[in-house]
Amino acid sequence: MLLYLTLKAQVKANREIQKRFKIQQENEKLEKLTLRYKERISSLSEEIRTFSYTNNNSDSGTKPDFKLYSGPQAISQLLKIRKSIFYGNEWRSAYLLEPKFEELRQLLLMFLSISESLNQEIFTDKIIENREVKSQLISSLKFHYDAKIRGNFLSMEKYKAADKPCPDCSSTHGIPEDLFEICNSIAYKLQLKLN
């Protein structure tokens, strides 16, 4: 009888140890996942901060006066200055005419990728129930998007390049429409109001 009680206590203790070990593994997984996303968001923040755009502020025929913009100001200036980029009567890629558009597109795609993976991985992973961690990661992404990117695109909405020529000049020009589409996808993933 004593042996039975000893074995029963041992089995109970082993189950408790396994339960604690499983909880510890889940916590470690949460910490690793959280760290990975914090690093990705930090990298995204650095990419936004170091995004640069140089523009010649002088009139034609005068000495060049180059101005370097960086961070969100560079995004704003790129969109403002290049909003009327001319593609000609035959469609030419804005990305070839202004390579900074491609760099901006890649930055937005990086943002979208992080937003999508946060939704897919963290929000559907059953072991992760820590709402505070989820909230912090989403809040950080929302801040970077809302404060540093979104406003620049909202103010330029009317300058989207269309598939058809401009009614005013019969030429094709504007900011690539897919940049706006990526921004709308990011806003949707982060559940922001779109206007």
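The values are calculated or read from the model by the stated rules, or taken from the named source; none is laboratory data. Given the structure is predicted, the values throughout are model-derived calculations rather than measurements. Methodologically, a virtual Cβ is constructed for each residue, glycine included, from the backbone with ideal geometry; neighbour enumeration extends over all protein chains shown.
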**Asked** Restricting attention to the stretch 44-72, which residues are assigned to a helix (DSSP H, G or I) and in contact (Cβ under 8 Å) with a residue 12 or more places away in the chain?
**Response** LEU44, SER45, GLU47, ILE48, ARG49, THR50, PRO72
**Prompt:** Which condition breaks for SER113 when tested against (1) crowded, with 16+ Cβ neighbours inside 10 Å; (2) at pLDDT 70 or above?
**Reply:** (1)
**Message:** Against the definition (crowded, with 16+ Cβ neighbours inside 10 Å, over 20 Å from the mean Cα position of the chain (by Cα), of a type outside the set (Lys, Arg) and modelled with pLDDT of 75 or more), how does GLU103 come out, yes or no?
**Reply:** no
**Request:** Just need a number here: residues in the stretch 73-92 that are modelled with pLDDT under 75 and assigned to a loop (DSSP other than H, G, I, E, B).
**Result:** 5
**Prompt:** Within the stretch 176-191, which residues are part of a loop (DSSP other than H, G, I, E, B) and within 12 Å of ILE149 (Cβ to Cβ)?
**Reply:** LEU190
